[in-house]
Amino acid sequence: MMNTTSRTTLSYLYWPLVVTALGLCAGALLGWQAEGTMSGVASYFVICAVLAVLEISLSFDNAIVNANKLKSMTPIWRQRFLTWGIIIAVFGMRIVFPLLIVVIAAKIGPIAAIKLAATQPDDYARIMQGAHLPIAAFGGTFLMMVALGFFCDPDKDVHWFDWIESRLAASASIKGLEVAFVLILLIGFSRMLQPAESDLFLRSGIYGLLTFLLVDTLGAVLDRPSTAAKTAAQGGLGAFLYLEVLDASFSFDGVIGAFALSQNLFVIAIGLGIGAMYVRAMTIMLVERGTLAEYRYLEHGAFYAILALSIIMFTQTLVHIPETITGLGGAVLIGLSLLASMRWNRSNPA
């Protein structure tokens, strides 16, 4: 068994760097095929690189939450998430998901959707942008429930902002409080939309809430302790499903926002796919090095970033918020939690 503590940071980045080189080359090739000029090559190359950075900035909090969940998963399911999960993340959410939206919205077949993406990227982007409202409602609701589930935990005894987090932890005894809060918020935002949009927003948000409750319940059933061999073999499946839905919720905003930089589905898939590889590498590094245990507030910063992202997704149904602000906001919260953790470590050397 490999001694993970001896691994260097560069060793974690080996495959992401390989995928980066191949992806940027593929992006440059797409630029040459589309434009036939060196300026076109440079433009596509830069867009792929910017999309990768955007994905990393938007998903760093995702890596922290993934690492926290992976700690409690069985080794086999942990490995399955790090292999199958990245395939689902890159191909499922960055390629299949945008195509599926167009298939449903435009009522066309998958082959026609691929042709539309390849030959009429402007129309493809317009359909994707038109689907932003239900996606924001669904993803924002799911992420908000994830964040509230962390803070409204009666067993949570480490608090970054004690004056509010201790009260949220104590409120966990009130059954259904998080659900009621999210429903009130959904109704409030829906009242600010046009009637047709209001109904769609509310229904999509309720679907996001139901998805969270179903995945959470299914995970508890599948991963409950048991001595039965069959159940033991299934241990980790619930956590796997939870992480996949969580990753999808994080990806919604990035996939939609990417169309502001490019209307080319394949360029977007390359850029976001490169970023997803770095997120995977960060997840592995956080798990193997025990970084979450070393920096006690780092996880808090990630969940505050998730809560902020969910509110931003709701707000984006009313006004446009640039993706750079979304990414920087999450990075700032995580950075502040890291600094707070380092100060605590210096004050408590034992």
Quickly run through segment 265-276 and pick out the residues that are open to solvent by less than 10 Å² (accessible area, probe 1.4 Å) and either under 15 Å from ALA28 (Cβ atoms) or among the hydroxyl-bearing types (Ser, Thr, Tyr) (or both). VAL267, GLY271, ILE274
Restricting to segment 58-104, give me the number of residues that are of a type in the set (A, V, I, L, M, F, W, C) and in a loop (DSSP other than H, G, I, E, B). 1
Meets criteria (modelled with pLDDT of 80 or more and in contact with a Cys (Cβ under 9 Å, 6 or more places away or on another chain)) for VAL245: no
Of the residues that sit in segment 277-316 and are open to solvent by 10 Å² or more (accessible area, probe 1.4 Å) and of a type in the set (Gly, Ala, Ser), which one is nearest to PRO110 (Cα to Cα)? ALA308
Please specify each residue of segment 136-195 satisfying the condition of being in a helix (DSSP H, G or I), surrounded by 17 or more Cβ atoms within 10 Å (Cβ to Cβ) and more than 22 Å from the chain's Cα centre (by Cα). GLU165, LEU168, ALA169, ALA172, PHE189, SER190
Quick check on segment 39-67: of everything there that is surrounded by fewer than 24 Cβ atoms within 10 Å (Cβ to Cβ) and polar (S, T, N, Q), which residue is farthest from LEU333 (Cα to Cα)? SER39
Consider only pairs whose beta carbons are under 6 Å apart and that are at least six residues apart or on different chains; among these, list those whose first residue lies in segment 1-18 and is more than 23 Å from GLY273 (Cα to Cα) and whose second residue is modelled with pLDDT under 75 and open to solvent by less than 90 Å² (accessible area, probe 1.4 Å). none
Would you be able to tell me the number of residues in segment 115-135 that are part of a helix (DSSP H, G or I) and without any contact (Cβ under 8 Å) to a residue 40 or more places away in the chain? 7
Would you check if there is a residue in segment 219-237 being assigned to a helix (DSSP H, G or I), under 30 Å from GLY271 (Cβ atoms), among the charged types (D, E, K, R) and modelled with pLDDT under 90? no
Which residue, of LEU70, LEU133, is of a type outside the set (Ser, Thr, Tyr), at pLDDT 80 or above, open to solvent by less than 30 Å² (accessible area, probe 1.4 Å) and farther than 27 Å from THR291 by Cα? LEU133
Give all pairs with beta carbons closer than 8 Å in which a residue from segment 250-276 that is part of a helix (DSSP H, G or I) meets a residue that is among the basic types (Lys, Arg) and at pLDDT 70 or above; count only pairs at least 6 apart in sequence or on separate chains. SER251/ARG94; VAL255/ARG94; ILE268/ARG94; ALA269/ARG94; LEU272/ARG94; GLY273/ARG94; ALA276/ARG94
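The values are calculated or read from the model by the stated rules, or taken from the named source; none is laboratory data. Since the structure is predicted, the reported quantities are computational estimates derived from the model, not experimental observations. Don't worry about glycine lacking a Cβ; one is built from the backbone with ideal geometry, like all the others, and counts go over all protein chains shown. Please note that ligands, DNA and RNA were not included when accessible areas were found on the heavy atoms of the full protein model with its side chains. Shrake-Rupley method; radii C 1.70, N 1.55, O 1.52, S 1.80 Å.
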